[in-house]
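Below is one structure; the comments refer to it alone.
The values are calculated or read from the model by the stated rules, or taken from the named source; none is laboratory data. No experiment lies behind these values; they were computed from the predicted model shown. Note: ideal-geometry Cβ built from the backbone for every residue, glycine included; neighbour counts use all protein chains shown.
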Amino acid sequence: MSNPPSSSPALRVDEQTVEEMRHHVRRYLIVGVALAIGTGLTVWASLFNFGSREINIVVALMIASCKGCLVAGFFMHLISERKMIYSVLAVTAFFFAALMYLTVSSMAHENLVHIR
Amino acid sequence: MEIPYAVKPRPDTGLYNAKVGIWLFLASEVMLFGALFCSYILLRVNAPEGLWPHHWLNIWLGMTNTIVLIFSSVTVVLAWASLKMGQFNRYKLYQGITLLCALTFLAIKSVEYRDKFIHYKVVLSDGRIADGHLQKAETTLPVSWRLQPVIVDGHLQGGGQTATNTGRLVLEGWWPNDEAALMNPPLGHETQRIEIPVKQIKFMENYGPWHNTYTAIYFTLTGLHALHVVAGAIVIFAIWGPLAKVWERDPERYINRVEVSGLFWHFVDLVWIFLFPVLYLL
């Protein structure tokens, strides 16, 4: 199988696009390093005693959320996405929040229905 | 008839079809993993005091896998940027590295799974508990204990298709005092070679998904995630290899395909970012 040529004859790439992409590439590399540091930080925080297991859980989930925001924001380009994508995600966020609310509220003792 | 907006973005939304499609799909994936995370929360919160396991997984393997997936996310996005700059060879290199990362992730996951399948809890007739990794099983059981899940409830009897009374089991493990100690083994505890005559075994079970609710949710979440890694790697490979000719004919369509497969790959990375602390560290 022969490889296609390095640059496609049908693609026009102007200097501005190349410069813009180089800027993006630098940003992606910085985000990648930040994510690796965040991973190390997560492990360190899990081995450090913050006083209670609950605080350790909150710290770990906060670090994970920051890492998640970096991936979604920069790698998935959500910081500069179109309105329609935001609308889709807003609906998803609503139902996800509802799912979490139902889960957490089901664990509250006053809402438990005891069947004897 | 040509399907409109398959390559060029629709003027009013600024999006091409596949991009809307992948985001709608990812929205459904958020709900799928969200439901499983809720199951995890319910199982964990409702577990009896002191009976939720800790330190059952190798943190360093989990951390390595996290770094591997993050690195692969960087190479995916660099591959896309290379195509936008018209650098096809660089794209091939970056996506090749992505595929190697996917294989590395799956290889490490397989090592972790194997570790659980050869890890046994053995309850002896006198009530003592032995816990460790199976080294040797000198029995006449019809299946290999190393590869198959073995659940024994009651005394193993000699003859026929079952174990012989003279058989013995060899574990590299330790003797926890009780169930609570088994759930929270001290970090870096000493192990020893344990030989158990088969006739003394009352109950034994490996740490497969059937072992308890923790292993059930662990295998469900990581297994589903691993399937996503496999699916993502297949799609990236198809675009990288057999479908690479599209680059010559229709580069914009090709770049769109790489972008869409990349979005899926980043989502897989995103899910693992949450799975790692939840399953390995907390």
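Assorted remarks:
- B:W210 being under 26 Å from the mean Cα position of the chain (by Cα) and either at pLDDT below 90 or not charged (D, E, K, R) (or both): yes
- Flag set for A:G68, criterion: facing another protein chain (nearest Cβ under 8 Å), assigned to a helix (DSSP H, G or I) and not hydrophobic (A, V, I, L, M, F, W, C).
- Some residue of segment B:19-32 being in a loop (DSSP other than H, G, I, E, B) and not aliphatic (A, V, I, L, M): no
Conditions tested, residue by residue: (1) among the polar types (S, T, N, Q); (2) part of a helix (DSSP H, G or I); (3) facing another protein chain (nearest Cβ under 8 Å); (4) over 22 Å from the mean Cα position of the chain (by Cα).
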{"site": "A:L35", "(1), (2), (3), (4)": "no, yes, yes, no"}
{"site": "A:I57", "(1), (2), (3), (4)": "no, yes, yes, no"}
{"site": "A:L61", "(1), (2), (3), (4)": "no, yes, yes, no"}
{"site": "A:A72", "(1), (2), (3), (4)": "no, yes, yes, no"}
{"site": "A:I79", "(1), (2), (3), (4)": "no, yes, no, no"}
{"site": "A:M84", "(1), (2), (3), (4)": "no, yes, yes, no"}
{"site": "A:A97", "(1), (2), (3), (4)": "no, yes, no, no"}
{"site": "A:V104", "(1), (2), (3), (4)": "no, yes, yes, yes"}
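- Which numbered condition B:L243 fails, given (1) surrounded by fewer than 22 Cβ atoms within 10 Å (Cβ to Cβ); (2) in contact (Cβ under 8 Å) with a residue 60 or more places away in the chain: (2)
- The listed residue being closer than 24 Å to B:M63 by Cβ and more than 10 Å from chain A (Cβ to nearest Cβ), out of B:P197, B:P209, B:P176: B:P209
- Screening B:L15, B:L24, B:L32, B:L43 for residues that are of a type outside the set (S, T, N, Q) and surrounded by 18 or more Cβ atoms within 10 Å (Cβ to Cβ) leaves exactly one candidate, B:L15.
- Residues being within 8 Å of chain A (Cβ to nearest Cβ) and of a type outside the set (A, V, I, L, M) - total across segment B:53-81: 3
- The residues in segment B:104-131 that are among the polar types (S, T, N, Q), surrounded by fewer than 16 Cβ atoms within 10 Å (Cβ to Cβ) and out of contact with any strand residue (DSSP E or B) (no Cβ under 8 Å at 6 or more places or on another chain) can be counted, and the count is 1.
- Test result for B:I70, part of a helix (DSSP H, G or I) and without any contact (Cβ under 8 Å) to a residue 12 or more places away in the chain: no
- One residue from A:V71, A:V25 being surrounded by 13 or more Cβ atoms within 10 Å (Cβ to Cβ) and either in contact (Cβ under 8 Å) with a residue 60 or more places away in the chain or touching a His at 6+ places or on another chain (Cβ under 7 Å) (or both): A:V71
- Any hit, segment B:34-41, residues being within 20 Å of B:N184 (Cβ to Cβ) and in contact (Cβ under 8 Å) with a residue 60 or more places away in the chain: yes
- Residue count for segment B:235-257 under the criterion of being touching a Leu at 6+ places or on another chain (Cβ under 6 Å) and either closer than 19 Å to B:W23 by Cα or not assigned by TED's automatic domain parsing to the domain that holds B:L224 (or both): the result is 1.
- Conditions (1) within 14 Å of chain A (Cβ to nearest Cβ); (2) without any contact (Cβ under 8 Å) to a residue 40 or more places away in the chain: number failed by B:G50: (2)
- A single member of B:G223, B:G232 is assigned by TED's automatic domain parsing to the domain that holds B:W272, surrounded by 14 or more Cβ atoms within 10 Å (Cβ to Cβ) and closer than 30 Å to B:L103 by Cβ, and it is B:G232.
- Residue check, B:L57 over 25 Å from B:E248 (Cβ atoms) and not polar (S, T, N, Q): yes
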